[in-house]
Amino acid sequence: MGVTKTATKQTLPGENREGNQINTRAFEGLSRNNRDPQKCACGNTGVHHVGLYAKDPSASAKFYRDLLNMQIVGGSGPENPLGASAFLCSRPDEESHEIALFANPVYAHVAFKVSSLVELRSLHTRVVERGIPIKFAFDHGVSFAFYFDDPDGHMIEVYWPTGALQSYRQPYAEPLDLTQAADLLLEKVAHGSA
């Protein structure tokens with residue numbers, strides 16, 4: 001005796017079951033709802049760069065430059081405390097980098113940007129209150145950032161851009177205490193950290 005299975009198609013928001021037409025306004029509304037601060041209290045604006053392991057960051061940077069027309073905007077040799085690295089960007093007037101390549105795999109990460117120092121400190125507090133260890137907290141000159149691992153051991157960076165986009169070549173990393181008073185942190189931005 002055979003069993004016949006029939007697949008049922010689920011309808012997405014804005015989709016017409018008969019004509020399979022998509023109503024883009026419904027998706028725009030769905031996207032707006034997902035960005036609603038009441039629904040996403042963390043205030044992150046999305047993934048803004050990745051840090052990848054590269055056996056030879058300089059050679060890998062040339063690959064991204066030559067194939068994808070990215071600009072090499074920073075980097076370091078093996079003598080740097082962070083090791084050999086390369087930083088690339090396709091929009092250097094908007095972001096300090098979009099890809100960071102590290103010879104040391106411990107620095108591989110995914111970076112989420114927040115839009116204010118208040119949001120950065122709030123998210124930092126939430127991470128600490130959940131008992132998640134902070135691996136690093138750095139003043140990168142171009143940003144304030146902290147790093148922690150997700151449940152699978154992937155390192156996450158959360159950062160706030162300081163507005164000093166052209167003032168610091170990466171890698172730049174000074175220890176940062178995000179529990180300091182906000183005015184002390186903002187003073188670092190106003191007077192430069194270097």
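Values quoted throughout were computed directly from the atomic coordinates according to the rules given, and no laboratory measurement underlies them. Owing to the predicted nature of the structure, the values given are computational and were not obtained by experimental measurement. Counting neighbours? That spans all protein chains shown, and the Cβs are built from the backbone with ideal geometry, glycine included.
What to note about this one:
- Rg/Rg_ref, segment 44-191, where Rg_ref = 2.2 N^0.38 Å and atoms are Cα: 1.02
- Counted by Cβ distance under 13 Å from Leu184, the other residues give a net charge of -2, where Lys and Arg count +1 and Asp and Glu count -1.
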